[in-house]
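The values are calculated or read from the model by the stated rules, or taken from the named source; none is laboratory data. Not measured: the values here are computed from a predicted model. All Cβ positions, even for glycine, are placed from backbone atoms using ideal geometry, and neighbour counts span all protein chains on display.
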Amino acid sequence: MTDHQQAVERLRRMIRIDTVNPPGNELPVAQMLAKELSDEGLDHVEVIESASQRASLAVRVPGDGSERPLLLMSHLDVVPVESAHWREPPFAGNLVDGFVYGRGAIDSKLTAAVHIQVLLMLHRAGIRLKRDLVLVAAADEEFGGHLGMEYLARERPDLFDAEFGLNEAGGFAVLVDGQPIYTCQAAEKGGADFDVIVDGTPGHSSVPHQENPIVHLASALGALGGKLPHCVTPAVGAFFERAAAAVHPQVGDLLLALLDPSRCDDALSKLPVAEPVRLMFDAMLRNTCAPTLLEAGIKRNVIPSQATVKLSGRPLPGVTAEQMQAEIMALLNCDNPSSTVRLHLDRFRPGVAFDHETSLLPSLEAALQRHEPGACLAPFMQTGGTDARFLADRDLVIYGFVPMRHEEGVRTFFELCHGHDECVSVANVGFAVDVIHDAVKDLGA
């Protein structure tokens, strides 16, 4: 069996172990992977339990110690599924027409399967690098990380004494006017839970009145369809500048115009990209707050005294809770003395940014170009979050990089991640194995 086939079959075995979080139950998949590595003769393999049935995998492959270690990060848990909407059973790991289907096929059992294959390839070849290689496949990433990376960062800081880290959530190619731009995640947004609350007057539904909070909530929902202010962070600016240099000059001008608040919306509408990519670019250029839950009422014939819409906020790196709250309040016109709308902040996690100008990025680009000559790799900001946030205060630079070629007719990374029929092509699993193997080998040579 080839290295590519081994990685694919490992991914299929991992998918078949249901690690939907909650409850997680990562222990069986961590034990399965630990046995595979130990059977191959790797000595420093650990299954680290943080609670009953909750476990992370940690592996160290010693180098000669002349350079600081390289960390390979992933997670073993997955988000829930709506099985009725899947064409293939989400926990069967079926291989259909060259694609592996299942929850975790992209996020993020794929990453762990690829990283383990790279370790085994180097081990079998007897290659001793200058750096230790440390693999951490964590529990609980999809439900806050408290029993996974947060636990490990607190209880096992030795695992994270590294110079560089490779993580999930980057590496995929986005198509701009037919030109693939590979992403290298150097930053990510945070998370913020806001509640928009409208107070009113309760009463019997048979006598409607003007103080029904549900009616007044409608205007607040309409306002939330607007945009928060334009803001360019360093990694995002670098992404659009790098992408602009790789495409046709006219398209490059549109990409650069995205950095100008007065030209952004017009340029975005004209940019020759797929709609999911357009939406992603827009989200990269501002804080966002999407309404996701509605709460009101106790009974059909009772006008409620309060109605609430819950927002999923995503703050940019460097933005404070106070700054984001002020932006949302301005959007909702909460400062108007006659307003019945209140904004409540429940939780705020700041965004994270790593230095996007280190030697790690050109090393990754060189490995990528070995397998796709002329490929463009651009620093990138993920609009969601990853476990990297728990390591942002360390002397460690983490980039998200699992290279995935654009495939015609296949949904984008952001459509597949957490979506129905999550899948990855066998070809892209092999591509990721080859590129990351070469990058890791080069970084430790």
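Miscellaneous remarks
- Residue count, region 18-52 (criterion: of a type in the set (A, V, I, L, M) and either farther than 26 Å from residue 437 by Cα or part of a helix (DSSP H, G or I) (or both)): 9
- Residues of region 39-58 that are over 25 Å from the mean Cα position of the chain (by Cα) and among the polar types (S, T, N, Q): 52 alone.
- Of the set (1) more than 27 Å from the chain's Cα centre (by Cα); (2) charged (D, E, K, R); (3) under 30 Å from residue 368 (Cα atoms), all apply to residue 189 but (1).
- Flag if residue 439 is modelled with pLDDT of 95 or more, more than 12 Å from the chain's Cα centre (by Cα), over 13 Å from residue 171 (Cβ atoms) and not in a loop (DSSP other than H, G, I, E, B): no
- From 277, 273, residue being assigned by TED's automatic domain parsing to the domain that holds residue 239, β-branched (Val, Ile, Thr), out of contact with any Pro (no Cβ under 8 Å at 6 or more places or on another chain) and in a helix (DSSP H, G or I): 277
- The one condition from (1) of a type outside the set (Ser, Thr, Tyr); (2) assigned to a loop (DSSP other than H, G, I, E, B); (3) surrounded by 15 or more Cβ atoms within 10 Å (Cβ to Cβ); (4) under 26 Å from the mean Cα position of the chain (by Cα) that residue 334 does not meet is (4).
- For region 67-74, the count of residues that are assigned to a helix (DSSP H, G or I), surrounded by fewer than 19 Cβ atoms within 10 Å (Cβ to Cβ) and out of contact with any Pro (no Cβ under 9 Å at 6 or more places or on another chain) is zero.
- Each residue in region 350-372 was checked for being in a loop (DSSP other than H, G, I, E, B) and either among the hydroxyl-bearing types (Ser, Thr, Tyr) or surrounded by fewer than 20 Cβ atoms within 10 Å (Cβ to Cβ) (or both), and 6 pass.
- Within region 414-436, the set of residues being within 20 Å of residue 82 (Cβ to Cβ) and in contact (Cβ under 8 Å) with a residue 12 or more places away in the chain comprises 414, 415, 416, 417, 418, 420, 421, 422, 423, 424.
- Of all the criteria given as (1) out of contact with any Phe, Trp or Tyr (no Cβ under 7 Å at 6 or more places or on another chain); (2) small (Gly, Ala, Ser); (3) modelled with pLDDT of 95 or more, the one not satisfied by residue 359 is (3).
- Exactly one residue among 67, 46, 26, 88 is charged (D, E, K, R) and closer than 15 Å to residue 141 by Cα, and that residue is 26.
- Members of region 82-117 found to be β-branched (Val, Ile, Thr), closer than 19 Å to residue 407 by Cβ and surrounded by 17 or more Cβ atoms within 10 Å (Cβ to Cβ), listed by number: 100, 106, 111, 114
- Residue match in region 55-64 (condition: of a type in the set (S, T, N, Q) and outside any strand (DSSP E or B)): no
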